[in-house]
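The values are calculated or read from the model by the stated rules, or taken from the named source; none is laboratory data. Just so we're clear, the structure is a prediction, and the values are computed from it rather than from any experiment. As a convention, Cβ positions derive from the backbone with ideal geometry for all residues, glycine included, and neighbour counts pool all protein chains shown.
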Amino acid sequence: MIFREVEDRDLIAKARRGDVEAYNLLVSRWEKRIFNYLLRLVRNREDALDISQDVFLKAYQNLKKLDDPDRFSSWLFRIAHNEAFSMLRKLKPEGEITVEPATSEESGRMYPIELSLAVDGALKRLSDDQREAVLLKVYQGFKFDEMAQILDCPVSTIKSRLYTALDLLRDTLAPIARGAQ
Amino acid sequence: MRNCEEIDLKGFLFGEAEGAERERVSAHVRACPDCREEMERLQLTQMALGALREEEPPRRIAFVSDKIFEPRWWQRWLVPGPVAGFASAAVVAAAILAHGAMMRPATPQTPPSAVNAARIEQRLQEGFDGKLRAAIAQAVAEVRSQDKKERDDLLLAAEKHFSEQRRMDLAAFEINYENLYKRTALDRKIAYSSQQMGPAGDGVTQ
């Protein structure tokens with residue numbers, strides 16, 4: 001991980017000097033994570049890909065504004081967050097919460113693909129903010145302070161969103177996961 | 001033992017607790033049946049969330065430098081290094097998609113100073129289409145030209161052949177005509193001689 005960070009820093013330095021190939025290498029390292037984060041957030045593959053492209057273009061154009069290259073990942077996810085929520089705000093009225101109850105069919109023994117679908121369904125029932133907190137913590141492994149930078153809000157708010165989401169997910173998924181064992 | 005409300009099981013599970021705090025939570029969970037049960041449910045939740053696999057992006061994202069917009073050598077002298085770098089950065093064309101491609105064109109919302117990826121892709125496509133059309137037109141023209149030449153050669157050969165045939169027919173006709181003329185003249189001479197010789201001559205000619 002340390003070696004990877006050093007290399008990213010080197011690529012960022014080259015990209016800042018106008019080396020497009022260095023930037024392409026950087027993109028290739030991060031595009032899958034950014035795409036999956038956006039895919040779970042906006043729930044549409046084409047939208048996720050379009051936003052991914054915008055994210056990397058904006059990142060390139062604003063690379064000189066990145067003060068600390070070691071914070072590239074959280075800075076990049078911050079751009080992705082802004083782009084995604086810019087689109088989500090256009091699609092949904094402000095403050096809409098989409099927490100729905102679990103359905104009865106999500107119980108009993110499940111196979112991996114069914115478990116995966118159940119997880120997908122459970123994530124969809126979270127609000128956008130809650131889902132994003134789960135995506136950043138569980139799937140991207142960010143620390144609370146990094147999430148606070150990405151989402152531009154206090155750690156207490158991050159923890160509140162994440163823990164509420166985890167409670168909802170636990171109620172839905174823990175019985176299913178136990179049945180799948 | 002600490003109070004259960006003070007124990008951050010979720011933070012512990014997702015790597016926020018470190019050092020002594022981690023040890024404290026761990027000891028509490030071992031000793032507290034309720035927290036142990038809650039930890040087990042959270043671990044099952046974590047395991048379930050892990051069932052969701054990452055997907056590959058349908059198209060790769062890559063950038064190309066657009067030479068048209070890059071600063072000229074004298075502009076590089078006028079502009080300081082990092083700024084020059086970002087001058088070209090501002091004009092870097094966006095995402096053209098490497099493999100798989102071929103789905104609907106992306107429409108990134110880029111600022112006016114940036115070259116839109118879809119436009120670049122469209123421009124490349126138009127350039128490619130133009131070259132393809134020109135190549136096809138040239139190939140068609142070459143084939144047509146070749147066809148015409150072969151047709152002209154055949155026509156010329158046929159005309160030559162018929163001309164030669166006509167010349168030979170004419171020569172044969174002239175020979176036949178001459179022979180016929182000579183034969184007729186001879187016949188007239190014979191007939192005239194027979195008339196001069198009178199009736200006795202008839203017996204000769206019989």
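A few notes on this one:
- Residue check, A:Lys58 in contact with a Ser or Thr (Cβ under 9 Å, 6 or more places away or on another chain) and either assigned to a helix (DSSP H, G or I) or under 15 Å from A:Leu136 (Cβ atoms) (or both): yes
- Screening A:Leu57 on (1) buried (at least 23 other Cβ atoms within 10 Å of the Cβ); (2) under 30 Å from A:Gly121 (Cα atoms); (3) free of Cβ contacts under 8 Å to residues at least 24 places away in the same chain shows it passes everything except condition (2).
- In segment A:102-140, the residues that are among the β-branched types (Val, Ile, Thr) and either modelled with pLDDT under 70 or part of a loop (DSSP other than H, G, I, E, B) (or both): A:Thr103
- Given (1) facing chain B (nearest Cβ under 7 Å); (2) surrounded by fewer than 20 Cβ atoms within 10 Å (Cβ to Cβ), number of the condition A:Arg33 does not satisfy: (1)
- If you go through segment A:6-32 and keep only what is farther than 19 Å from A:Ala48 by Cα and touching a residue at least 24 places away in the same chain (Cβ under 8 Å), you end up with A:Asp8, A:Arg9, A:Ile12, A:Ala13, A:Ala15, A:Arg16, A:Tyr23.
- When segment A:141-181 is limited to residues that are outside any helix (DSSP H, G or I) and of a type outside the set (Phe, Trp, Tyr), the one that is farthest from the other protein chains (Cβ to nearest Cβ) turns out to be A:Asp152.
- Whichever residue in segment B:35-59 is crowded, with 17+ Cβ neighbours inside 10 Å, of a type in the set (D, E, K, R) and modelled with pLDDT of 90 or more and, among such residues, is nearest to the chain's Cα centre (by Cα): B:Arg41
- Taking first residues from segment B:164-184 that are at positive phi and partners that are assigned to a helix (DSSP H, G or I), no Cβ contact under 7 Å between residues at least 6 apart in sequence or on separate chains turns up.
- Residues being at pLDDT below 90 and within 13 Å of chain B (Cβ to nearest Cβ) - total across segment A:66-101: 1
- Among (1) under 17 Å from A:Leu117 (Cβ atoms); (2) touching a residue at least 40 places away in the same chain (Cβ under 8 Å), the one test that A:Ala174 misses: (2)
- Test: residue in segment A:50-64 that is in contact with a Pro (Cβ under 9 Å, 6 or more places away or on another chain), more than 10 Å from every other protein chain (Cβ to nearest Cβ) and not polar (S, T, N, Q): no
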